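**Student:** Below is the structure I would like to discuss, written out as C-alpha cells.
The values are calculated or read from the model by the stated rules, or taken from the named source; none is laboratory data. This structure is a prediction, so every number in the text was calculated from the model and none was measured. Note: ideal-geometry Cβ built from the backbone for every residue, glycine included; neighbour counts use all protein chains shown.
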Amino acid sequence: MMQHVVHGFGPVWDEASQVLVLGSMPSPKSREQGFYYMHPRNRFWPVMAAVFGGDPGREPATRAAFALNHHVALWDVLASCDISGASDGSIRNPEPNDISMILRGAPIRLVMTTGSKAGQLYVKLVEPGLKRLGIDVEMMTVASTSPANAAKSLDDLVSIYRAAFARAGVLVAVHAATDVSAGGKSGAAEGRPTVENKKSRA
C-alpha cells in the first residue's frame, strides 16, 4: 500500500568525512529505529566491517561512530516520497534532501549511491541543483546491499564497496594510519597513490 513517507532523521557526517553514501529512502525498519540500514538482513554493515575491519556493533551510536572513524558520511537522496513498503520501484512524488551543506562542509571526494534507483534519483533531482551552486563532485552507483538484491553475494558486495572506497582514497588513509601505529611507514612515505579531491565549491 502506498503511503507518504518523510525521512525522519538526519545525516551522519563531520568535517573529516570524505565519502558520502546515499540510499534512496530508509526502509520501514530503518525509519522505525531512526538510523541507516537497520533491516537485519541488509548487508551494509557486514560489508563495512569486512572492508574496513572491526565491528560496527548493532546500535545506531556505534555504527555512526564506525562510519565517521572511517571518513564515511551517511544520508539518503530523498527527504520524502510516496512509497509502498521498501520498494524503490514504487517511489512517486520524490523530494530530495539538500546535500550541498555536507559538500560545502566536508572534503567529500566521492558520492556513492547504493542501488540503481538511488543513482537515478540523484542524477535527476540532486545533481542539477549542485551544478547551479558550482559544486562538482564525482558520483558512482554501487550495488544495493538490500536483501532484495539476491543477485549479489556478500563477497560480491565486499569487493564492489572495497573498490569504491579505495577509489575515494579512504582505504589508503586507513592502511597508512595502521602502518604508522604499528611503527611502519605511512602510505605517503611508501609512495602509495592518493586520490585528489577534484570537487570545486562555490
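**Student:** Consider only pairs whose beta carbons are under 7 Å apart and that are at least six residues apart or on different chains; among these, list those whose first residue lies in region 1-13 and is modelled with pLDDT under 95 and assigned to a loop (DSSP other than H, G, I, E, B) and whose second residue is charged (D, E, K, R) and surrounded by fewer than 19 Cβ atoms within 10 Å (Cβ to Cβ).
**Tutor:** The qualifying pairs are G8/R31.
**Student:** Could you say whether any residue in region 109-128 is touching a Lys or Arg at 6+ places or on another chain (Cβ under 6 Å), on the phi < 0 side of the Ramachandran plot and modelled with pLDDT of 95 or more?
**Tutor:** No - not one qualifying residue is present in region 109-128.
**Student:** Could you figure out which of (1) out of contact with any His (no Cβ under 7 Å at 6 or more places or on another chain); (2) of a type outside the set (V, I, T); (3) part of a helix (DSSP H, G or I) isn't true of K29?
**Tutor:** Of the numbered conditions (1) out of contact with any His (no Cβ under 7 Å at 6 or more places or on another chain); (2) of a type outside the set (V, I, T); (3) part of a helix (DSSP H, G or I), the odd one out for K29 is (1).
**Student:** Right, another one. Does any residue of region 82-94 turn out to be hydroxyl-bearing (S, T, Y) and closer than 17 Å to P11 by Cα?
**Tutor:** no
**Student:** Separate question: Quick test of your reading of the structure: G134 fulfils all but one of (1) within 20 Å of A50 (Cα to Cα); (2) of a type outside the set (V, I, T); (3) at pLDDT 95 or above. Name the failing condition by number.
**Tutor:** Of (1) within 20 Å of A50 (Cα to Cα); (2) of a type outside the set (V, I, T); (3) at pLDDT 95 or above, only one is false for G134: (1).
**Student:** OK, next. Kindly indicate whether any position in region 53-71 is of a type in the set (V, I, T) and without any contact (Cβ under 8 Å) to a residue 12 or more places away in the chain.
**Tutor:** Yes, the conditions are met somewhere in region 53-71.
**Student:** Do any strands (runs of 3 or more DSSP E) lying entirely in region 59-121 carry at least 1 residues that are buried (at least 21 other Cβ atoms within 10 Å of the Cβ), and which ones are they?
**Tutor:** Fully inside region 59-121 and qualifying: 72-76, 78-84, 110-114.
**Student:** Could you list all residues from region 35-58 that are in a helix (DSSP H, G or I) and either of a type in the set (D, E) or at positive phi (or both)?
**Tutor:** Listed by number, the list is empty, since nothing qualifies.
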